[in-house]
Amino acid sequence: PNCCVDFAHRVGHVQHQTQRDRQKVLDFFDQFQDQLVYGTDLMFFEGDDPSANRKLCCDVWRGHWKWFNTDATLSPAEVEGPVQGLALSQPLLQKVYYDNAVRFFPGLR
């Protein structure tokens, strides 16, 4: 109960699990919705092209957003074969995208 998890660079792993048992993934999100936080492991370095960094951030976020928010069939680069989006509820998404992060890291607000 006192543990939290961010997805960081593991969205592809969870998408792979969706191919095997989508309902199990949905149940996981429902059961642990108060302990999950959206995040990425994107890293940028001095000298990187800022416009390329922005494009990468937008592309990654949009792909993840589609998977979390819709039930569309997607073909993410990290997964072999198509995956169906989760179409998570808006209250659950609010927790994963914002509320839990503010609770786990009180200085964010």
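The values are calculated or read from the model by the stated rules, or taken from the named source; none is laboratory data. Because the structure is predicted, anything quoted here is derived from the model rather than measured. Ideal geometry is used to build each Cβ from the backbone, glycine not excepted, and the neighbour counts take in all protein chains shown. The protein model used for the area step is the full one, side chains on, heavy atoms only, and it has no ligands, DNA or RNA in it. Shrake-Rupley method; radii C 1.70, N 1.55, O 1.52, S 1.80 Å.
Give the residues of region 85-100 that are small (Gly, Ala, Ser) and buried (at least 18 other Cβ atoms within 10 Å of the Cβ), sorted by residue number.
Residue satisfying the conditions is 85 alone.
Looking only at region 31-47, decide whether some residue is assigned to a helix (DSSP H, G or I) and open to solvent by less than 30 Å² (accessible area, probe 1.4 Å).
Quick first cut of region 31-47, residues assigned to a helix (DSSP H, G or I) only: 31.
So of that shortlist, the ones also open to solvent by less than 30 Å² (accessible area, probe 1.4 Å) come out as none.
No, region 31-47 contains no residue that is assigned to a helix (DSSP H, G or I) and open to solvent by less than 30 Å² (accessible area, probe 1.4 Å).
Listed residues 83, 60, 96, 37; which is touching a Cys at 6+ places or on another chain (Cβ under 9 Å), of a type in the set (Val, Ile, Thr) and under 17 Å from residue 9 (Cβ atoms)?
Working: 83 fails: touching a Cys at 6+ places or on another chain (Cβ under 9 Å); 60 fails: touching a Cys at 6+ places or on another chain (Cβ under 9 Å); 96 fails: touching a Cys at 6+ places or on another chain (Cβ under 9 Å).
Residue meeting the stated conditions: 37.
Give me the pairs: first residue in region 1-28 and under 16 Å from residue 64 (Cα atoms), second residue assigned to a helix (DSSP H, G or I) and open to solvent by 80 Å² or more (accessible area, probe 1.4 Å), beta-carbon distance under 8 Å, and six or more apart or on different chains, which are they?
17/24; 25/17
Checking residue 56 against (1) hydrophobic (A, V, I, L, M, F, W, C); (2) open to solvent by 60 Å² or more (accessible area, probe 1.4 Å); (3) without any contact (Cβ under 8 Å) to a residue 12 or more places away in the chain, only one condition comes out false. Which one?
Here residue 56 meets the rest and fails (3).
For region 1-30, give me the residue count where each residue is of a type outside the set (D, E, K, R) and outside any helix (DSSP H, G or I).
Our first condition is that a residue be of a type outside the set (D, E, K, R); within region 1-30, this holds for 1-5, 7-9, 11-19, 23, 25-26, 28-29.
Those still in the list that are outside any helix (DSSP H, G or I) too: 1-5, 7.
The total comes to 6.
Answer yes or no as to whether residue 82 is closer than 25 Å to residue 101 by Cβ and open to solvent by 30 Å² or more (accessible area, probe 1.4 Å). Quick ask: steps written out before the conclusion?
Details: closer than 25 Å to residue 101 by Cβ: no; open to solvent by 30 Å² or more (accessible area, probe 1.4 Å): yes.
No: the conditions fail for residue 82.
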